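Below is one structure; the comments refer to it alone.
The values are calculated or read from the model by the stated rules, or taken from the named source; none is laboratory data. Note that the structure is predicted; figures quoted are calculated from it, not measured. Quick reminder, even Gly has a Cβ in these numbers, built from the backbone with ideal geometry, and neighbours come from all protein chains shown. With ligands, DNA and RNA removed, areas are computed over all heavy atoms of the protein, side chains included. Shrake-Rupley method; radii C 1.70, N 1.55, O 1.52, S 1.80 Å.
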Amino acid sequence: MDRDQLESIQRYVYEVFKRDATGHDFYHMQRVVKLSGQIAEAEHADIALCEAAAWLHDIGDHKLFDNPEIAKKEMQQFLRSIAILESDISDIITIIDGVSYSKGETVPATLEGRIVQDADRLDAIGAIGIARTFAYGGANHQLIYHPSETKNSIQHFYDKLLRLRGLMHTNTAKLIAAERHQYMVDFIDQFFKEWK
């Protein structure tokens, strides 16, 4: 894949996600692309493949699309229209199918898949991750916190976010995750001090 194709993918993603208010907006994709490129370079992986998959990793996510399969088919048609090789399309689909946390703790089969998953998880923690958690919660009518109900944004830290540091695959991501994890721990401590 060349730079022109990656720029076309970026424009496509902008049109799909420019109005998202759940924390899965264009800028989330942009951050995941940047992290994927950084990790891919450090881990000696295919940078262009990681960046392409990072741009597209939320296409077809069941939380974001009414019909995920149609979204994926439209994405494949778009990739063909900009002359992406079928082998690269297949690799991209394999990567994005394995990124989601909701699919469990399965490890992506390729280094590039592990890198994009790491990058996506890194954007879910730290200061940005905190902001995204409350954006998603608000967009889905969740309370910030409730002492006896488990469907709230603070509970999401315990259900998912505080576990992510231990699920990173690459050494590069593990280093980045350590600082972001501590920031969340400090935030939760401060939150409950103020709540009381």
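Structure data summary
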| item | result |
| --- | --- |
| Qualifying residues in region 40-60 (those that are in contact (Cβ under 8 Å) with a residue 12 or more places away in the chain and over 24 Å from Glu15 (Cβ atoms)) - the one most open to solvent (accessible area, probe 1.4 Å) | Asp46 |
| Leading residue by the ranking (least open to solvent (accessible area, probe 1.4 Å)) among those in region 142-196 that are assigned to a loop (DSSP other than H, G, I, E, B) and of a type in the set (A, V, I, L, M) | Met168 |
| Single unsatisfied condition, Val32 versus (1) touching a residue at least 24 places away in the same chain (Cβ under 8 Å); (2) open to solvent by 10 Å² or more (accessible area, probe 1.4 Å) | (2) |
| Selected residue (criterion: modelled with the highest pLDDT) from residues of region 84-141 that are of a type in the set (Lys, Arg) and open to solvent by 40 Å² or more (accessible area, probe 1.4 Å) | Arg114 |
| First in region 128-142 and in contact (Cβ under 8 Å) with a residue 24 or more places away in the chain and more than 13 Å from Asp20 (Cα to Cα), second anywhere and open to solvent by 40 Å² or more (accessible area, probe 1.4 Å) and assigned to a helix (DSSP H, G or I), Cβ under 8 Å, 6 or more apart | Ile128/Arg31; Gly129/Arg180; Ile130/Tyr183; Ile130/Phe187; Thr133/His156 |
| Residue within region 105-124 that is under 30 Å from Lys196 (Cβ atoms) and out of contact with any helix residue (DSSP H, G or I) (no Cβ under 8 Å at 6 or more places or on another chain) present | no |
| Selection count, region 39-51, where residues are over 15 Å from the mean Cα position of the chain (by Cα) and either of a type in the set (Val, Ile, Thr) or assigned to a helix (DSSP H, G or I) (or both) | 7 |
| Unmet criterion (only one of (1) in a helix (DSSP H, G or I); (2) modelled with pLDDT under 95) for Leu64 | (1) |
| Residue match in region 6-20 (condition: under 26 Å from His169 (Cα atoms), free of Cβ contacts under 8 Å to residues at least 24 places away in the same chain and either in contact with a Pro (Cβ under 8 Å, 6 or more places away or on another chain) or part of a helix (DSSP H, G or I) (or both)) | no |
| Residue within region 68-82 that is surrounded by 15 or more Cβ atoms within 10 Å (Cβ to Cβ), over 22 Å from Leu6 (Cα atoms) and under 17 Å from the mean Cα position of the chain (by Cα) present | no |
